[in-house]
Amino acid sequence: MVWRFDAIGTRWEIETAQPLSDDAAAAVTNTIDRFDSEWSRFRPDSVVSALRTAGGAVSAPADASAMLDVYRALSDATGGAVNPLVGAGLEALGYDAALSLHATTQREAPAEWERMLRWTASELTLLEPAVIDVGALGKGRLVDLVMNELGEIPGRIVVDASGDLRVRRGATRVALEHPYDATSAIGVVEIADQALCASAINRRAWGDGLHHVLDARSGEPVRTCAATWAIADEAMIADAIATALFFDGGAVLADDWGVQWLRMSTDGRAERSRGFPGELFL
């Protein structure tokens with residue numbers, strides 16, 4: 001059975017061997033709503049939106065340490081290119097709550113983000129006004145949370161959030177969409193009891209070459225890498241590496257974490273990890 005719905009601005013498909021109960025569906029919906037109410041910079045009533053104007057301290061959302069600890073590793077590996085305070089840069093290019101898609105000047109993220117943004121198991125603190133954006137790994141984290149809600153359901157489960165998916169108790173074959181032609185694929189890969197996350201510059205793209213993958217150090221969209229894919233046991237880790245692969249240092253971090261990966265440059269060349277299990281057509 002396949003349950004399709006829209007949430008957090010994307011299309012979801014949850015495939016199970018048997019229909020979901022009302023309780024299971026409600027648990028999934030509540031988990032997504034809770035995460036969105038905490039981490040969405042598009043919602044004026046979210047936790048991160050409450051901090052953006054003046055900073056301050058709030059009770060830490062349940063996922064704060066898990067996600068921000070990974071952000072620290074991403075920032076270190078990429079020389080600061082990945083940064084959870086990149087939200088103002090995205091908004092300056094038009095990727096704002098109103099989706100104005102009207103770019104003004106580029107805006108780099110604060111380089112000293114770890115001084116400004118602090119977290120413990122109980123408290124999340126932003127010392128100065130800034131816009132928190134967890135897009136580098138947040139959707140993957142939410143896929144993991146949804147899968148956890150469905151963990152007791154027997155049979156194969158596939159949770160797919162439009163490019164970020166996780167499979168439990170089975171396998172699924174996935175086409176690797178060409179970043180310049182959504183009707184074709186550059187390869188295929190079979191995912192068994194793991195997660196696959198992808199990112200590409202043709203998704204959330206607008207204007208004259210603008211898209212959602214920014215180098216936080218400059219506020220400029222990435223120009224050298226077109227698409228990335230990463231396979232890991234958890235969707236959050238796969239999502240994080242899929243982001244890191246757009247920058248120098250990302251592949252080293254992926255190898256250190258045992259994540260299989262593939263990326264395609266804007267000139268059409270493909271590079272992959274030694275053990276990447278997919279078949280490429282390039």
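The values are calculated or read from the model by the stated rules, or taken from the named source; none is laboratory data. Computed from a predicted model, the values in this text were never measured in an experiment. All Cβ positions, even for glycine, are placed from backbone atoms using ideal geometry, and neighbour counts span all protein chains on display. With ligands, DNA and RNA removed, areas are computed over all heavy atoms of the protein, side chains included. Shrake-Rupley method; radii C 1.70, N 1.55, O 1.52, S 1.80 Å.
Stretching Asn148 away from Ala57 to a fully extended chain increases their span by 29.9 nm, per 0.36 nm per residue minus the current alpha-carbon distance.
For segment 23-56, the residues whose backbone nitrogen is under 20 Å from a point 7 Å from the Cα of Thr104, taken along Cα to Cβ, are 41-44, 49-55. Once the C-beta distance of Ser122 and Asp33 is scaled by a Förster radius of 22 Å, the resulting FRET efficiency is 0.45 to the nearest 0.05. Taking Arg269, Arg223 and ordering them by how much accessible surface each has at a 1.4 Å probe, largest first, produces Arg269, Arg223. Dipole check for segment 158-208: with +1 at the C-beta of Lys and Arg, -1 at the C-beta of Asp and Glu, and the Cα centre as origin, the magnitude is about 220 Debye.
Long hydrophobic helices in the chain, taken as whole DSSP H segments with a C-alpha length of 18 Å or more on their own axis and mean Kyte-Doolittle hydropathy at least -1.0: 22-39, 64-77.
Which shape class applies to segment 202-282: rounded if a/c is under 1.5, otherwise prolate when a/b exceeds b/c and oblate if not, where a ≥ b ≥ c are the square roots of the Cα gyration tensor eigenvalues? Cα axes put segment 202-282 in the prolate bin. Per residue, the average separation of C-alpha pairs within less than 8 Å and at least 6 apart gives segment 4-68 a relative contact order of 15 percent. Using heavy atoms of the protein chains and a probe of 1.4 Å, the accessible area assigned to Phe276 is about 20 Å². Hey, any idea what % of segment 137-223's accessible area is carbon plus sulfur with a 1.4 Å probe? C and S fraction of accessible area: 45 percent. Highest average first, the peptides 165-175, 232-242 ordered by how many other beta carbon atoms sit within 10 Å of their residues are 232-242, 165-175.
Available extension along the chain between Asp256 and Ala111 is 49.8 nm, counting 0.36 nm per residue and deducting the alpha carbon span. Packing here is the average count of other Cβ atoms within 10 Å per residue, and on that basis the peptides 19-29, 76-86, highest first, run 76-86, 19-29. Placing dummy labels 7 Å off each Cα toward the beta-carbon, the span from Asp233 to Arg72 is 2.1 nm.
Once backbone amide H atoms are built at 1.01 Å from N, His211 has Trp206 as its partners under 5 Å, excluding neighbours fewer than 5 places away on the same chain. Pairs of alpha-carbon atoms within less than 8 angstrom and 6+ residues apart define the contacts here; what relative contact order does the chain have, in percent? This gives 18 percent for the chain. What segment 207-282 shows is 44 Å² of accessible area per residue, with the surface traced by a 1.4 Å probe over protein heavy atoms. Helical runs (DSSP H, four residues minimum) scored at -39500 (n - 2.57) apiece and divided by the length of the chain put the mean residue ellipticity at 222 nm at -8000 deg cm²/dmol.
Taking each residue as 0.36 nm, the span from Ala50 to Phe281 lengthens on full extension beyond its C-alpha to C-alpha distance by 78.5 nm. Here the contact order of segment 98-171, divided by its residue count and restricted to Cα pairs under 8 Å and six or more residues apart, works out to 17 percent. Nonpolar atom fraction for segment 36-79, defined as the carbon and sulfur part of the 1.4 Å probe accessible area, stands at 51 percent.
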